[in-house]
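The values are calculated or read from the model by the stated rules, or taken from the named source; none is laboratory data. Just so we're clear, the structure is a prediction, and the values are computed from it rather than from any experiment. All Cβ positions, even for glycine, are placed from backbone atoms using ideal geometry, and neighbour counts span all protein chains on display.
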Amino acid sequence: MRIIVHTGKGGVGKTSISAATALRCAEMGLKTIVISTDTAHSLGDSLDLEIGPEPQQLRDNLWAQEVDARYSMDKYWGAIQKYMIALFTQRGVKDIVAEEVTILPGFEEGAHLLWIDKYVRENFYDVLIVDAAPTAETLRLLSLPDVTRWWFEKLFNLTRGVGKFLRPLAKPLLRTELPDQDSLDKVDNLFKTLDSVRQLLTNPEMSSLRLVVNPEKMVIKETQRTYTYLNLYGYATDAVICNRILPDEVTDPYFAQWKDLQKQNIALINEAFGELPLLKAPMFNRDVNGMDTLRRLGDALYSSRNPAEVMFKGTTHQITPDQAGGYLLSVPLPFADKSDLDLYRSADELTLRVGPYRRNIVLPHALWDLEIGDAKFEQAALNIRFIAKAGAN
Ligand SMILES: Nc1ncnc2c1ncn2[C@@H]1O[C@H](COP(=O)(O)OP(=O)(O)OP(=O)(O)O)[C@@H](O)[C@H]1O
Ligand SMILES: [Mg+2]
């Protein structure tokens, strides 16, 4: 099975692109399901059909589902959350606050990710398209199941031990019921599923993340940040999709400046995402809904391409820790002329220029306080070493 996740800022066109991509895959004969967690039900609007919380077949080879985050949350986490709320409220935390702090960060938006595990195991679909991007929090949750598990076990080791011998005493002591075995099993199951989803999503042969942007500076900047963190956590991004480009046939002088700006911003996209393939879709003369406009969007994006193929292998930059407590930023630059290199650095950004080639990379937090030690071309890559500042401890 192939999994394609469309991620990007609010309103850029993730739902439209997910629906168009799913339709395209289905019409190529691939059994395709598109899932979304959007409570506003925009996937249904986009496809112009009612879609429920269970997979629903819309036409040959095409299924869709609007995942109910609350339902998934209750199913996996509800019992244990009730217990924690009880525990917190007795210690004087207000109900409403207790409820907030007992939600696993990122879980609510990430509920749809749990379905990925199910669909991969069932192996019925050829392609799974995911709309409603996992937020940074969700990705962190997936990247760190061990940490989350550690946190959970710390919290419950006490009650587990107590459960065995002192269960009868626990109630007066903690003034609440202990979570029963069934709840603990459910939580254990949740962590196992998260582990497995992370493995599936970080397997580059199976899963591709695609970054959806509009040709607007702020959107591009924020998406660069997402891209850096996706790389850091080991998720493979294989394309950038630029949606809403003013087409050539728009010649009204009113839009002339917009078109110019868009051109400049598309150049920024190339600087930001290096060799990642860039798929483009025009701004249509109406909104995108219903099968006909979705088909037009799919044609514009993929032309003769198969959306289910892996469009790019490897990464356009990679950050790894070194033994000396620093980091190595490696930028593969197979085509660059290696003669003159310029680096411009601000705390959280690095711009490099090698001949006519420019790249702009958003740096993760761990590198902000480090300085550049050296930069070398080695094995078709530019390797930049980040080291502690002189005098810093
Ligand atoms: N290329 C396009 N041309 C014209 N209209 C578009 C285009 N792409 C998307 N739209 C319209 O823009 C609106 C927002 O698109 P969409 O819902 O796909 O964005 P989204 O990224 O899923 O938003 P959200 O973050 O709110 O979920 C919709 O009304 C859609 O029909
Ligand atoms: Mg949407």
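Failed condition for Lys82, given (1) in contact (Cβ under 8 Å) with a residue 40 or more places away in the chain; (2) over 24 Å from the mean Cα position of the chain (by Cα), with all others met?
(1)
Taking region 54-82, which residues are in contact with a strand residue (DSSP E or B) (Cβ under 9 Å, 6 or more places away or on another chain) and at pLDDT 85 or above? Working first, answer last.
The initial filter retains those residues of region 54-82 that are in contact with a strand residue (DSSP E or B) (Cβ under 9 Å, 6 or more places away or on another chain), namely 54-58, 61-67.
Answer for region 54-82, where residues must be in contact with a strand residue (DSSP E or B) (Cβ under 9 Å, 6 or more places away or on another chain) and at pLDDT 85 or above: Glu54, Pro55, Gln56, Gln57, Leu58, Asn61, Leu62, Trp63, Ala64, Gln65, Glu66.
Is at least one residue of region 294-306 away from ligand 2 (no atom under 16 Å from the Cβ) and under 30 Å from Leu382 (Cα atoms)?
Taking region 294-306 and keeping what is away from ligand 2 (no atom under 16 Å from the Cβ), we get 295-296, 298-306.
When the remaining residues are screened for being under 30 Å from Leu382 (Cα atoms), the result is none.
Checking region 294-306: not a single residue is away from ligand 2 (no atom under 16 Å from the Cβ) and under 30 Å from Leu382 (Cα atoms).
Please count how many residues of region 181-237 are acidic (Asp, Glu) and free of Cβ contacts under 8 Å to residues at least 40 places away in the same chain. Walk me through how you get there before you give the answer.
Taking region 181-237 as the starting set, the residues that turn out to be acidic (Asp, Glu) are 182, 185, 188, 195, 205, 216, 222.
Subsequent filtering for residues that are free of Cβ contacts under 8 Å to residues at least 40 places away in the same chain retains 185, 188.
The total comes to 2.
Among the residues of region 352-366, write down those that are free of Cβ contacts under 8 Å to residues at least 24 places away in the same chain and surrounded by fewer than 16 Cβ atoms within 10 Å (Cβ to Cβ).
Gly355, Pro356, His365
I'd like the full set of residues that are crowded, with 20+ Cβ neighbours inside 10 Å and of a type in the set (Asp, Glu), limited to region 239-253.
Of everything in region 239-253, nothing turns out to be crowded, with 20+ Cβ neighbours inside 10 Å and of a type in the set (Asp, Glu).
Would you be able to say whether some residue in region 88-110 is in contact with a Ser or Thr (Cβ under 7 Å, 6 or more places away or on another chain) and modelled with pLDDT of 90 or more?
No, there is no match, as no residue in region 88-110 is in contact with a Ser or Thr (Cβ under 7 Å, 6 or more places away or on another chain) and modelled with pLDDT of 90 or more.
Return yes or no: is Val130 within 23 Å of Asn189 (Cα to Cα) and at pLDDT 80 or above?
Working: within 23 Å of Asn189 (Cα to Cα): yes; at pLDDT 80 or above: yes.
So Val130 fits the description; yes.
Do you know which residues across region 12-44 are of a type in the set (D, E, K, R) and within 17 Å of Gly298 (Cα to Cα)?
Restricting attention to region 12-44, the residues satisfying the condition of being of a type in the set (D, E, K, R) are 14, 24, 27, 31, 38.
Within region 12-44, Lys14, Arg24, Glu27, Lys31 meet the criteria.
Report, by residue number, each residue of region 260-275 that is crowded, with 18+ Cβ neighbours inside 10 Å and over 13 Å from Ile220 (Cβ atoms).
Within region 260-275, Gly274 is the sole residue that qualifies.
Search region 43-68 for residues that are touching a residue at least 12 places away in the same chain (Cβ under 8 Å) and within 18 Å of Gly290 (Cβ to Cβ) and pair each with any residue that is of a type in the set (S, T, N, Q) and surrounded by fewer than 13 Cβ atoms within 10 Å (Cβ to Cβ) when their beta-carbon atoms are under 8 Å apart and the residues are at least 6 apart or on different chains.
Qualifying pairs under 8 Å: Trp63/Gln57.
The rows are residues; the columns are (1) touching a strand residue (DSSP E or B) at 6+ places or on another chain (Cβ under 6 Å); (2) outside any loop (DSSP other than H, G, I, E, B); (3) under 30 Å from Ile129 (Cα atoms).
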site	(1), (2), (3)
Met311	yes, no, yes
Gly325	no, no, no
Val331	yes, yes, yes
Asp342	yes, yes, no
Leu350	yes, yes, no
Ile361	yes, yes, yes
Asp374	yes, yes, no
Phe386	yes, yes, no
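The rows are residues; the columns are (1) aliphatic (A, V, I, L, M); (2) outside any helix (DSSP H, G or I); (3) more than 14 Å from ligand 1 (Cβ to nearest atom).
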| position | (1), (2), (3) |
| --- | --- |
| His6 | no, yes, no |
| Gly11 | no, yes, no |
| Ser18 | no, no, no |
| Ala22 | yes, no, no |
| Ala40 | yes, yes, no |
| Gly44 | no, no, no |
| Gly78 | no, no, yes |
| Leu87 | yes, no, yes |
